[in-house]
Every structure is written in structure tokens, then in C-alpha cells.
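These notes are about the structure you will find just below.
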Amino acid sequence: MAKIKTLHEVLNDLKSNSSIMIGGFGNIGNPKAMIDLIADSDLFGLTIIANDLGTPNVGLGRLVTKRKISKAIGTYFTYNPEAAQLYFEGKLDLEMVPQGTFAEAIRAGGCGIGGFYTPVGVGTELAKDTECREIDGKKYVLVRPIRADYAILHAKKADELGNLIYEKTARNFNPLMAMAADYTIVEVDDIVPAGSLSPEEIVTPFIYVDALIPMKRGDSE
Amino acid sequence: MIQLSEAQAKERIARRVAATLPNNGIVNLGVGIPTMAVDFLSADKKIYIQTENGMLGVGPSPRTPEEFIPNLINASRSPITEIPGSSYFDSATSFAMIRSGRMDATVIGAIQVSETGDLANWALPGKGVLGPGGAMDLVVGVKDVIVATLHTAKGGKPKLVPVCTLPLTALKAVNTVITEFAVFKFIHGEMVLVEHSSDVTLDDIKAMTTAHYFVAVDLKIKQV
């Protein structure tokens, strides 16, 4: 069952040099309040696992600007030229993964799966250091699961147990990451009593959620 | 040989892409020319657009402020709307439908396409393009991979080449290449010119294309 916490209580739980999954795609579905708080905190040396790093000083870009990140694993960092510059200067380690492989690796990490073979990336430089094998005449590359110490996510609504629903394309990586971290924290616009959400509409069951941060509607938009 | 402005060339490609897309097909459209193609679909053709950030049934851009929803974007980060029958899903489900071959077509850009159908479209070394996004998954998994690209790069540098020299997106993945002057298909691993526009000759195409290709017996000349 999820604990209801404040932003600052969650911040105190986080540790420097830890790995953190952050939900969102192009700043949509980001836990914006937590990102801002981490940007202004004393934390350092974070490994951020997220689709992208936002744009300079916006969304996850704030963590780049404030030099909170030592390594990022994601699919597309091009929208953030500041991250690109730090990467080329050797000050930020970026690991680039095809987006479907990234999503599936996080899913595997959350499902107790030790890895999988995908045809995506065969023959490209992103697969040059990984095992390649042929299965039934088709070439595949091995992908290892991705997990993190924390997942910090955004959902539209939670019930007080921690069951989650999302809004439109703000869902993206959030439900996958909820399953793939040791400790999952979710910023939510609203918390409603258990029983208020239809059991049919719940996307993330509460077993995956450790902490909820209720935001006043609008704060996390 | 005729010179088209970049805007004219892109519109011509987008129109040709629109004509190629299958009726009632489920398609994923990349940024730029591919997305423009929607504007040129004939009135009797309908397509369903998938966006890899988690939606099937993408509607047009919002026309009024009331239609604008902050949490509703496509993979190019542009605001979109719903259509009757739209659905949302997480990114793993999104790429499951992409990778499993259920989607009819993907239309994407290219920096280089090789004569064997290899594609390079995600990285120009040192240019700050960092990461393939969903491009590698799309070109490996979707049934018809349609590359929509200007025939040559700035300064006339060939983009349809014998071998890709830039980082690859995928090997032997391209099915169709549509440029402002020509349509090529990859048939049994061979690149075949199936159509060119009436304002260029076979020699003009040859001069712009360093890739080796065959000319289809039933080559079509498209009047422009």
C-alpha cells in the first residue's frame, strides 16, 4: 500500500549516486514538481533513466543545467543541445537505446525477466557490444533488463491505496517504470478514496506504488 | 534539368506518399514530409495514424483553444486530438504493435539509403543527433517501410548511395523510396526504379543517384 508523502519527504528519501527512472516523453507525463525539487537540491551523480532529457532548463533539462546527472540512459537526447554539448565534452555519459528496446527492457526489469532477444538494432553500432544470435533463421540481439533504485512518475489520479490512472499520451513510460524500480514514487493530480476508480480502468495496480505525492490540480501540469 | 524549390519538392513527395498509403491502413508518420502527407490524402482514402508515444487513432492538430489538451501530443511533440475509436497505451504496448509486423506502413526520412535497402537516418557524427528514438524499431517491424526524402542533399550530394557511410538505422529494411523525382522499390533485395516524374530523364536520375539500380520494365512516367 502506498504512503502519502510530501515533496520534501520524498526528496529526503533520495540519495546521491543513485539511479532514478523518470516517466514522460518530451516533457509530457513528467513528475514536474519532483524534477524541480531535485534540480534545486544537494543531490549529485544521478543516473537518470528516461526517454529524453527535455529541453535546456525545462523538464529534465533542469537536471542537466544544474549538473545533477552523471549518466543518462534513454532513446533521444537531440532536443537538449546542452546535454549534447556536455556529452561531447565528456562531462555527461549518455547511453542510447532504440525506443522500443528501451520500453521492453524496462518492462522486463519489472517482470522478473532476465533479458530478451530483439531484431531491432542488428548490424548497427548500438548493438556492437552485445550478443547476437540467430533464432529460426532470423537475427536478434540480446537486451538486458533495466531496473533502477527509484522511479519518479506522474499519474492523473490515484486512489488512497496507490492504484493509478493516467491521462492520454502522458501515460507513455510511466506504467512500465512503476514496475521496474525498488521504490516507486508518483506525483498525482488527485487522490480519491479506494473504490472511487473503476477496477476496470486502473492501469497500474497499487502493488507497484510505494509513495504518492498529491499535487493541487495544475501544479504538475 | 528542372530545379524545384525545397518547398515544392517536399510537397511533391508528400503528395506521392499520400497516394502510396493503403486505404484503411495503420501507419506511423515521421517528422516533416511524412506528416505533411496527411494533408494530401484523397477524399476517398482513410488512414489510421499510430504515434509511438502511445496512441492509435491520431486526430488532426487542435483547431481551437478548446480542443488543445496539454497531455495529448504526437512523437514530434505537436499537439493532436482524438478521433472516434482512439486508444492510449504504454510505450511497451506501442512498440509491441510496431515490432510485431501488424502496422501497414511507416514513412520516415533518410540521410542515406543504400542500394541494398540499408537505411541511415539517425546520426550525423558530431552533429548532436543523440539517439535513434523509435526509428530503429519502426523500420525493422512495420510491413512497408517508405522512405520520403529529397533526392539529393544540399549541394547535390547523393543520398541514394552504394553503401551507407553514416551510422545505420537498420540493414535491408527499406521497401520504397519516394523522392521529388523518382520512386524506387526494393524487390528481392534489388533496388528498382519504378517511376519518375516527367520533368526528368533516366539520365538525370542516373546523375543524381550513385546507388546501382535496375529500371522496371513497366517504368511509369508521372506527369507533373
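In this structure, A:LEU63 does satisfy being buried (at least 21 other Cβ atoms within 10 Å of the Cβ) and either away from chain B (no Cβ under 14 Å) or not hydrophobic (A, V, I, L, M, F, W, C) (or both).
Selection of first residues in the range B:85-111 that are facing chain A (nearest Cβ under 10 Å) and within 11 Å of B:GLN50 (Cβ to Cβ) and of second residues that are assigned to a loop (DSSP other than H, G, I, E, B) and among the acidic types (Asp, Glu), restricted to Cβ pairs under 6 Å at least 6 apart or on distinct chains, gives the following pairs, ordered by first then second residue: B:SER94/B:GLU52. Filtering the range B:40-77 to residues that are of a type outside the set (A, V, I, L, M, F, W, C), surrounded by 15 or more Cβ atoms within 10 Å (Cβ to Cβ), farther than 26 Å from A:THR204 by Cα and more than 9 Å from chain A (Cβ to nearest Cβ) leaves B:TYR48, B:GLY59, B:PRO62, B:GLU67. Of all residues in the range A:123-152, those satisfying the criterion of being in contact with a strand residue (DSSP E or B) (Cβ under 7 Å, 6 or more places away or on another chain) and closer than 20 Å to B:MET97 by Cβ are A:TYR140, A:VAL143.
Any residue in the range B:136-152 that is at positive phi, without any contact (Cβ under 8 Å) to a residue 60 or more places away in the chain and surrounded by fewer than 24 Cβ atoms within 10 Å (Cβ to Cβ)? Even if it seems obvious, please write down each step before you answer.
Filtering the range B:136-152 for residues at positive phi gives none.
Within the range B:136-152 (the criterion being at positive phi, without any contact (Cβ under 8 Å) to a residue 60 or more places away in the chain and surrounded by fewer than 24 Cβ atoms within 10 Å (Cβ to Cβ)), the answer is no, since none of the residues qualifies.
Is it true that A:GLY90 is more than 12 Å from every other protein chain (Cβ to nearest Cβ) and either surrounded by fewer than 19 Cβ atoms within 10 Å (Cβ to Cβ) or on the phi > 0 side of the Ramachandran plot (or both)? Yes; evaluated as a whole, the condition is true for this residue. Annotation for the range A:68-77: at least one member residue is outside any loop (DSSP other than H, G, I, E, B), touching a helix residue (DSSP H, G or I) at 6+ places or on another chain (Cβ under 9 Å) and surrounded by fewer than 24 Cβ atoms within 10 Å (Cβ to Cβ).
Got a sec? Which strands (runs of 3 or more DSSP E) wholly within the range A:84-165 have at least 3 residues that are touching a residue at least 60 places away in the same chain (Cβ under 8 Å) and among the hydrophobic types (A, V, I, L, M, F, W, C)?
Hits in the range A:84-165: A:148-159.
Does A:THR47 satisfy being farther than 28 Å from A:ASN163 by Cα and either assigned to a helix (DSSP H, G or I) or of a type in the set (S, T, N, Q) (or both)? No: the conditions fail for A:THR47.
Does A:ASP52 count as within 14 Å of chain B (Cβ to nearest Cβ) and either touching a His at 6+ places or on another chain (Cβ under 8 Å) or not in a helix (DSSP H, G or I) (or both)?
Values: within 14 Å of chain B (Cβ to nearest Cβ): yes; either touching a His at 6+ places or on another chain (Cβ under 8 Å) or not in a helix (DSSP H, G or I) (or both): yes.
Criteria met by A:ASP52.
Elements of the type strands (runs of 3 or more DSSP E) sitting completely within the range B:11-59 and holding at least 3 residues that are without any contact (Cβ under 8 Å) to a residue 40 or more places away in the chain: these cover B:47-51, B:55-59. The set of residues from the range A:71-84 being touching a Phe, Trp or Tyr at 6+ places or on another chain (Cβ under 8 Å) and either of a type outside the set (Ser, Thr, Tyr) or more than 7 Å from every other protein chain (Cβ to nearest Cβ) (or both) comprises A:ILE73, A:GLY74, A:PHE77, A:ALA83, A:ALA84. Going through (1) more than 10 Å from chain B (Cβ to nearest Cβ); (2) modelled with pLDDT of 95 or more one by one, A:GLY110 falls short only on (1).
The values are calculated or read from the model by the stated rules, or taken from the named source; none is laboratory data. Computed from a predicted structure; not experimentally measured. Cβ coordinates were reconstructed from backbone atoms using ideal geometry, including for glycine residues, and neighbour counts include every protein chain displayed.
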